[in-house]
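Step one of this worksheet: look at the structure below.
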Amino acid sequence: MKKVISVLMAVAMLFSVCMLAGCTDNTTNNNEETSTDEDVSLTATSGSMTATEGVLVMATNAAFPPYEYVEGGEFAGIDVEIAGEIAKKLNMKLEIKDIEFGSIVGGVQTGKFDMGMAGMTVTDERLESVNFSTSYATGIQVVIVAEDSAITSLDDLKADGSMKYGVQQDTTGDIYASDTVEKGGYGEDNVIRYKTGADAVQALIAGKVDAVIIDNEPAKSFVAANSGLKILDAEWAVEDYAICIAKENSKLLDAVNNALADLKADGTIDKIVAKYISAE
Ligand code: GLN
């Protein structure tokens, strides 16, 4: 067993050294060189790791600040920048597709996209369809209410039909809130599903729902951008964010995990996060 592990470690080390070397070689010329040592080693062992060689197609839903959003016609955010760094390490060109959140897992599963990165929580149900990379961030589900709301704690959230909850459809906020009371939810009938978190927040402002359940960082962005709202001082659920990749594409999964490990170790991820999220 020990031997297997040390062989695996040696292979992993060789692989990352090789990727680092390739990366340094190509910092000024990301995609055009196809005959570097790195490319030779990748193709020798794996063929192309992505649908189109040299292109890493990421599916996201760019309405989830500060992880992904559009600013001045450009994609921006933590996930966008981390994905850019991963692509650089793999010597690939990053291409971003902005689609509905609920279509990301299916599109990755069928090979339409190479990976999904969208502040996406690792769940058992999603793991039945796709693999996830190692986690690169913690997500917390929180509750947004009107500033003058009678709801002041999680205990005030009722499942007796007197309250409606707004969520972004197909997110974990939706999945958990729509669940039965026995399983910690409020029942499907009490949940109104919106296309984006921003739409759910607009419904809250219009008084159509009593609370919005959503990830903490976008919640902060939405509350900052709209007056009269607040976030309850409580964690509704704590989750791990990771990148989803098709089950059969273990080569890309390994490469992304290696890249993430390097980016964590050299402080790149912390630096990107700090750019978008101020420490409290
Ligand atoms: N973290 C939540 C989920 O994975 C929401 C992600 C999102 O809306 N982009 O379901």
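The values are calculated or read from the model by the stated rules, or taken from the named source; none is laboratory data. Predicted model only: the values in this text are computed from it and were never measured. FYI the Cβ positions are ideal-geometry reconstructions off the backbone, even for glycines, and counts take in every protein chain you see. When the accessible area is computed, the model is the full protein with side chains, heavy atoms only, and any ligands, DNA or RNA have been set aside. Shrake-Rupley method; radii C 1.70, N 1.55, O 1.52, S 1.80 Å.
Counting only protein heavy atoms and using a 1.4 Å probe, what share of the accessible area of the stretch 154-280 belongs to carbon plus sulfur, as a whole percent? Please list the in-between numbers first.
Values: 2940 of 6230 Å².
It is 47 percent, rounded to a whole number.
Looking at the stretch 195-252, the accessible area is 43 square angstrom per residue; that uses a 1.4 Å probe and ignores ligands, DNA and RNA. Taking the Cα centre of the stretch 79-151 as reference, the dipole from Cβ charges on Lys and Arg (+1) and Asp and Glu (-1) amounts to some 440 debye. Can you give me the Cα centroid spacing of the stretch 248-279 and the stretch 99-160 in angstrom? The stretch 248-279 and the stretch 99-160 have Cα centres spaced 19 Å from each other. Just so you know, the Rg over Rh for the stretch 152-262 is 1.07, from Cα atoms, with Rh as the Kirkwood radius. Remark: spin-label model distance D160-D189 equals 1.5 nm, labels positioned 7 Å along the Cα→Cβ axis. Among the lysines of the stretch 210-280, pairs at least eight places apart or on separate chains and with Cα atoms under 23 Å apart come to 5.
Here the 3J(HN,Hα) profile of the stretch 100-112, calculated from phi with Karplus coefficients 6.51, -1.76 and 1.60 at θ = phi - 60°, is 5, 3, x, 9, 5, 4, x, x, 6, 4, 8, x, 5 Hz, Gly and Pro shown as x.
Distant-in-sequence amide contacts of V209, defined by a placed amide H-H separation under 5 Å and a gap of 5 or more residues or a different chain, comprise L204. Put simply, the amide H of I243, placed in the peptide plane, has neighbours under 5 Å in S133, leaving out anything fewer than 5 places away on its chain. Each peptide in 125-131, 225-231, 237-243 was scored by the mean count of other Cβ atoms within 10 Å over its residues; highest first, the order is 237-243, 125-131, 225-231. A convex hull fitted to the Cα coordinates of the stretch 52-159 yields 144 cubic angstrom per residue.
The packing ranking of peptides 164-176, 146-158, 71-83, highest mean first, is 164-176, 71-83, 146-158, where packing means the average number of other beta carbon atoms within 10 angstrom of each residue.
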